[in-house]
Amino acid sequence: MFPNRLKTRRICVMSRNQVVAALSGLIVICLSVQSLRAATPTTYCRFQAGDRVAYGIVEGEHVRELAGSLFGDFSKTNKMHVLKEVTLLVPSEPSHVFAMAGNYKSHLGGGTTTKTITTTTTIVNDPKTGKTTTATKTTEEVRVSGKIPPKFQIPQPFFKSPSCLVRHEGNIVIPRGAEEVHYEAEMVIVIGREAANVSQQDALDYVLGVTIGNDVSARRWQKSDVQWWRAKGADTFGPCGPFIVSGVNYDDLLLQLRLNGTTVQKERTSQLIHGVAETVASISQHITLRAGDLIFTGTSGTTDSIQPGDEIEVELEGVGILRNRVVADQ
């Protein structure tokens, strides 16, 4: 026992410089862990279980209920819900809902479209078994070259009515008199705290995360009306959800829309003309953004009409799938 005690004492004897160095290393390790946690994607939701409505953090096939509001003071609880047994609601209760017009070159028309397909093969050798495994990943990127019309060289947001929002698995109702009602797959910014006059450099500090949206649009009304109040703001014209995800690269996510199982829109958010930070900063110069506000960031390519009976799925890489069915107004 005695030799071990001596050994222990020798380890504990440290000079002042050694102590400082050890503590500095510990601080670096702690900061690294905190940074890693900040960069790890976290999935939030707003849900209903029975008569209760609450916010939660998605953990695998379960939702951990939060005490308080996701946009204020909250804490984790030990109350768990089975994800498939709760009703997923629109993920926030916004004061404002904005949407960006003409924010993809491919939606503005004109220019030249270039498609790049990249195949990456990874070979891994297992030193224990001697076996070699091969994994192949194919990515597709579409870029549109050409000039951006002058008015779209600056962000062009417009209002959607908060009452147009509809949850995941809710119905899109085509109003009587509406013609040429189109889908529009969009990434949606979720504001985490009040933002007024923020710089582009600081803008992401005010973003909680992103969710998925479908900026349903009645093209006839859009062309004939002075404002887009009903063309894009009619009830159920804003499917949104089901999750808010933070800690992902908002500027390079694959966004696609499937109509009755067929992919009809597909583009990466790297092709946005005005990205997340610029969009938030620009709007905040004139209108104070509140916690929970939503900003639809624009749609890509061409769109087409939807009909009663259609099923629409909008998928955003790393975030999830927003699914809605189309019905006629009764």
Residue selected from the range 45-81 under the condition of a type in the set (S, T, Y) and outside any loop (DSSP other than H, G, I, E, B), by the criterion nearest to P91 (Cα to Cα): Y55
Just a yes or no: is a residue in the range 180-187 loosely packed, with under 15 Cβ neighbours inside 10 Å and either in contact (Cβ under 8 Å) with a residue 12 or more places away in the chain or part of a strand (DSSP E or B) (or both)? no
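For every residue, the table says whether it meets (1) of a type outside the set (A, V, I, L, M); (2) crowded, with 19+ Cβ neighbours inside 10 Å.
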{"site": "L255", "(1), (2)": "no, yes"}
{"site": "K266", "(1), (2)": "yes, no"}
{"site": "T279", "(1), (2)": "yes, yes"}
{"site": "T288", "(1), (2)": "yes, no"}
{"site": "Q307", "(1), (2)": "yes, no"}
{"site": "I312", "(1), (2)": "no, yes"}
{"site": "E317", "(1), (2)": "yes, no"}
{"site": "R325", "(1), (2)": "yes, no"}
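If you scan the range 243-284, which residues turn out to be part of a loop (DSSP other than H, G, I, E, B) and more than 14 Å from the chain's Cα centre (by Cα)?
Correct list: N260, G261, I273, H274.
Working only within the range 285-296, note down all residues that are part of a loop (DSSP other than H, G, I, E, B) and either free of Cβ contacts under 8 Å to residues at least 40 places away in the same chain or of a type outside the set (V, I, T) (or both).
So the first thing to find is which residues in the range 285-296 are part of a loop (DSSP other than H, G, I, E, B), and the list is 285-288, 290-293.
Residues satisfying the conditions are Q285, H286, R290, A291, G292, D293.
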Within the range 138-179, track down each residue that is assigned to a strand (DSSP E or B), surrounded by 13 or more Cβ atoms within 10 Å (Cβ to Cβ), β-branched (V, I, T) and modelled with pLDDT under 95. V142, V144
Provide a single number: the residues in the range 225-245 that are out of contact with any Ser or Thr (no Cβ under 8 Å at 6 or more places or on another chain) and over 23 Å from V327 (Cβ atoms). 3
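Please determine, by comparing only the residues of the range 290-305 that are in contact with a Gly (Cβ under 9 Å, 6 or more places away or on another chain) and of a type in the set (V, I, T), which one is surrounded by the fewest Cβ atoms within 10 Å (Cβ to Cβ). Even if it seems obvious, please write down each step before you answer.
As a first pass, look at the range 290-305 and keep what is in contact with a Gly (Cβ under 9 Å, 6 or more places away or on another chain): 291-292, 294, 296-298, 302.
This time we only want the ones that are of a type in the set (V, I, T), so: 297, 302.
Working: T297: 27, T302: 11.
Step by step, filter the range 290-305, then rank; the result is T302.
Is it the case that some residue within the range 196-203 is of a type in the set (D, E, K, R) and in a loop (DSSP other than H, G, I, E, B)? So that I can check it myself, show each step before the final result.
Step one: list which residues in the range 196-203 are of a type in the set (D, E, K, R), which gives 202.
From the residues that got through so far, the ones that are in a loop (DSSP other than H, G, I, E, B) too are 202.
Yes - at least one qualifying residue is present in the range 196-203.
The values are calculated or read from the model by the stated rules, or taken from the named source; none is laboratory data. What you are looking at is a predicted structure, and each value in this text was computed from that prediction instead of being measured. Neighbour counts run over all protein chains shown; Cβ positions are idealised from the backbone, glycine included.
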